[in-house]
Structures are given as structure tokens and as C-alpha cells.
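Encoded as C-alpha cells, the structure appears first; notes follow it.
The values are calculated or read from the model by the stated rules, or taken from the named source; none is laboratory data. Remember, it's a predicted structure, so these values are computed and weren't measured experimentally. Methodologically, a virtual Cβ is constructed for each residue, glycine included, from the backbone with ideal geometry; neighbour enumeration extends over all protein chains shown. Heavy atoms of the whole protein, side chains included, go into the accessibility calculation; ligands, DNA and RNA do not. Shrake-Rupley method; radii C 1.70, N 1.55, O 1.52, S 1.80 Å.
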Amino acid sequence: MDEMKLEKALQRIEEIVEKLESGDLELEETIQYFKEGTELVKFCTSKIDNLETKITQLTSQLGSVEKEEN
Amino acid sequence: MLNIKKEEIFSVSEINSHIKHIVEGSLSTLFVEGEIANFTRHRSGHIYFSVKDLNSTLRCVFFRSYNSYLDFKPEDGDKVILAGKVTVFEPSGQYQLNVTKMYSAGKGLLQVEFEKLKKKLLDEGMFAPEHKLKVPSYPENIGVITSPTAAAFQDICNVIKRRYPVNINLFPALTQGERAPESLIAGVQYFNEKFPVDVIILGRGGGSQEDLFSFNDEQLAREIYKSKIPIITGIGHEIDFTIADFVGDLRAPTPSAAAELAVPDSKELKMNLQEMQSKLTMIVNHKVMNSKVTLSELSKRVQAKSPESQLQSFQQRLDEAVLRFTHLGQRFTRKKEDIESIAKHFNS
């Protein structure tokens, strides 16, 4: 799941909630979806919590190849 | 006698109407430079005047609905640039320039160039909504093309760090002066060819119209149009519109606003996620509770069919049968006694 993009994960969560809300699932399926949904919510939350800005200055005719952190 | 057929002779109206069609059909909106003469503002609010150069004069009409946007007071002798359409007034057979905009020639030149280019690119379809790229909702790498020393870049960084801290890649560019367009073009090319990012912010802080003019460059417009990476423009202030804004994929009024449009708000995102989690939990709890109720009903029904309860009901039926046999036996005994007593009677 590490490779999964945030956007995909968020879409999948929406899908799962919609499926569950439709209500005509077996108990076992419901629990399966619940597990998947909960894991995805955790995944997205930690992905957002772990975001970090790195500022990179590229080279142009203006010069300098510096790299500064935050 | 003239040797001409009647059908070959035109009426005056026909000639004027024909000329009107030719003139108005072949001349689209155009720009004319000249000097104002015979300037009259009619009571109706319409303005009538002529523009002339050394050799010629052109009659002009500037209707109220257009002249109300005039930002200076024109007078006879003023050099102006006019935008408008040539129209023919059929009753008098005279043609005139129907003015839609008037610029003072000195400071108006930039504006005229701008309008010209805007019209040209618009006609080419370069501002078409269908061509605009969708800006990604959750970018991971953001490209910024702006001056490295200006406040605009700091503003962009601050907004991104606060809302959704992802990587910022700055292509340092000149944002004013003669070489600025070239350097901005290099930025768009660099991200498209050498350093892929999810979205590009093209920004510059506020300035005079002349300062922002680098963003009205035709080649820059074409480069933005060609870009495979969506471009958000944030140039100048709310009121400033440049050609880059028109051709870009999404316009923001300022550099900070461009940054806001480039990234989602992580606080909001996390709140939504929490909401999703509680929805999930609620639905599952509900489902589990429903299942428990169903289960207890089912177990009642199953118990009713269990071997014990079936045995019990057999037992009961057996008991009943035994009882009925006993009754029958008793009745039989009584009958037997009756018969015996009758037989005794006969025998005696």
C-alpha cells in the first residue's frame, strides 16, 4: 500500500463508504470493507502527517545550484 | 436613347446597401491612430468627431454605451488610438468609424498591443476552456517560476508549508525587463522537459502595468499553451489581467492565492478522514447489532426444531396414545362384563 497515491486512497475510502451505506452487504463483506476502509484512513492520515516541504532551487541562467532545506 | 436594360440600373438605396455589405463584411475590428478634430459631445451622450492625419480625415461616432468607460477627457488636437468597426450609414451614403475604445496615444500603446494580441490569441482558440488542463488535487511536487528574491516566492512557500507541505522547486526567473519573457519561457520548458512536477505556479507580485508586461509576451503565451503540466498563474493583484492569465490553466488573483489553489488544506483533509472513519464505524456497529437481533430470532426457531423438543413432542403424543389405549381397554372390560352378565342370565 506504500506505493498507493493519496488521491487513489481517498477515492477508495469514498467508494467503501458508499458501498456500506447502500446497506445490502453480508456481515462478512461489511467487516471486510470496514477493515480496508479503516486501514486506508490510517494510511492517508499518516501520509498527510508526514508531509514535509523541501525547497529546491533549480539552475537557470540566473545561476546558483543551491539547495536549501525548509 | 441610352442603350441599357431597365434591370441594369440600380437605385441609390441598392448601391448604398451593397457598399454597406462590402465594407462591413470585409473590415473587422481595427485600430486607427490619428488626431482628434471637431470633438462634440451631444446631449444624448454620444460623441461625434473626426480623426485626421496629414492627408485625410475619418468621421467617427463614439456611442454613450462605449464612451462611458473613457478614462481621460479627449480634446481637439489630442493624439489617440481608436478601436472600432467601419460602418456605412445608408441614408446618407457616408461611412464612419464606430468607436468602441479610445486610448490616449502616449500611454495607450501598451494597452493597444495587449488588446491586439489578446484578440489574435483568442481567435486562435488559445484561451478555450476545452484546452485547459485539470489541476491535480493532491500534488507531490510543485514547480514555481518566479524571481527568487521577491516577496512573491516567500508568500508562495508560506502558504504551501502551512496548508500542505510538499516539495517546492523554484526555477529562478526574471519577472520584469526585456529579458524576462525569455527567462519565463525557459522555466516552462525546463519543467516540461527536464524536471517533471505535478503543477507549475507562474507568479509575480504587484507592479505597474509596464512591470507586468513581460507576462503579455506572445511566445510566453504559446509556451504556456503547449505545456503538458497544468499552470496556475498568480500575477500582480486582483485587478491585473495578463495574457499569461488568459492562456494559463487556472488564474489566481495573486501569488499567494495561486499557492492556495495548488494544494489542498491538510487540516480540512484530516477532518474529512475522521468523518469517514466515524461513518465506517457507525455503519459496521449498526450492521453487527442488526445481525445479533436476527441471530437471536433464528436461534429461537432452531431450538423449536431441535431433537429434544421433537422427542418431547413424540413423548407427548405417545402419552396421549397410551391414555387412549387405557380408555379403550377400560371400555372393553366394561363391555366384557356386560356380555358375561347377559350370558349368565341365559344360562340360568
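Quote the total accessible area buried by chains B and A together, excluding ligands, DNA and RNA, probe 1.4 Å, nearest 100 Å². Could the numbers behind the result be given before it?
Details: alone 23650 and 6310 Å², together 26620 Å².
The summed interface area works out to 3300 Å².
Under 16 Å between alpha carbons: how many lysine pairs meet that in the range A:6-69, if sequence neighbours fewer than 8 apart on the same chain are excluded? Each step should come with its number before you reach the end.
Numbers: A:K8/A:K42; A:K8/A:K47; A:K19/A:K35; A:K54/A:K67.
Counting lysine pairs in the range A:6-69 gives 4.
Go through the range B:38-129 and name the trypsin sites (Lys or Arg not before Pro) that are in a DSSP coil and have 11 or fewer other Cβ atoms within 10 Å of their Cβ. Could you put the intermediate results ahead of the total?
Working: sites: B:R41, B:R43, B:K52, B:R59, B:R64, B:K79, B:K85, B:K101, B:K107, B:K116, B:K118, B:K119, B:K120; in loops: B:R43.
Passing sites in the range B:38-129 are B:R43.
Taking the Cα centre of chain B as origin, sum charge times position over the Cβ atoms of Lys and Arg (+1) and Asp and Glu (-1), and report the length of that vector in debye to the nearest 20. Intermediate values should be presented prior to the final figure.
Numbers: 44 positive and 43 negative charges, 499 e Å.
For this selection, approximately 2400 debye.
The alpha-carbon atoms of the range A:6-69 define a convex hull whose volume equals 88 cubic angstrom per residue.
With loop defined by DSSP as not H, G, I, E or B, and exposure as at most 11 other Cβ atoms within 10 Å, which is the longest segment of chain B clear of exposed GluC sites (Glu not before Pro)? List each step's numbers first, then the result.
Values: sites that count: B:E75, B:E178, B:E210, B:E238.
Between the exposed loop sites, the longest stretch runs B:239-348.
In straight-distance terms, cross-link reach from B:K85 covers every one of the lysines whose alpha-carbon lies under 27 Å from its own, apart from those fewer than eight places away in the same chain; here that gives B:K20, B:K52, B:K73, B:K101, B:K107, B:K116, B:K118, B:K119, B:K120.
Tell me the per residue accessible area of the range B:129-266 using a 1.4 Å probe; a whole number in Å² is fine.
Values: 5550 Å² over 138 residues.
So the range B:129-266 comes to 40 Å² accessible per residue, rounded to a whole number.
The mean count of C-beta atoms from other chains within 10 Å of the C-beta of residues in A:18-24, rounded to a whole number, is 2. Annotation for the range B:226-252 versus the range B:189-209: alpha-carbon center distance of 10 Å. A 1.4 Å probe run over the range A:6-69, with the rest of the protein chains in place, finds 62 Å² accessible per residue. Calculated over the protein assembly as shown, the projected area of the Cα convex hull averaged across directions stands at 54.1 nm².
I'd like the per residue volume of the convex hull spanned by the Cα atoms of the range B:3-52, given in cubic angstrom.
Values: hull volume 8.6 nm³, N = 50.
Normalising the Cα hull of the range B:3-52 by residue number yields 173 Å³.
What does the structure give for B:276-286 when I average, per residue, the other chain Cβ atoms found within 10 Å of the residue Cβ? Present the calculation step by step, with values, prior to reporting the outcome.
On the way: counts 10, 8, 1, 6, 14, 3, 1, 11, 9, 1, 3.
The per-residue average across the peptide is 6.
With N counted as the residues of the range B:189-312, its alpha-carbon radius of gyration over 2.2 N^0.38 Å works out to 2.23.
Among the protein heavy atoms of the protein assembly as shown, carbon and sulfur supply 54% of the accessible surface, probe 1.4 Å, non-protein parts ignored. Using the 1.4 Å probe convention, the accessible area of the range B:17-106 works out to 63 Å² per residue with neighbouring protein chains retained. In units of the compact-protein estimate 2.2 N^0.38 Å, chain B shows a Cα radius of gyration of 2.29.
How much length, in nm to one decimal, is gained on full extension between B:T326 and B:K73, taken as 0.36 nm per residue of separation minus their Cα-Cα distance? Could the numbers behind the result be given before it?
Numbers: separation 253, 0.36 × 253 = 91.08 nm, distance 13.00 nm.
Contour length minus Cα-Cα distance gives 78.1 nm.
Cross-link partners of B:K336 among lysines, defined as those whose alpha carbon lies under 30 angstrom from its own and excluding same-chain residues fewer than eight positions apart: B:K344. By the compact-protein rule of thumb, 2.2 N^0.38 Å, the alpha-carbon radius of gyration of the range B:33-96 corresponds to a ratio of 1.10.
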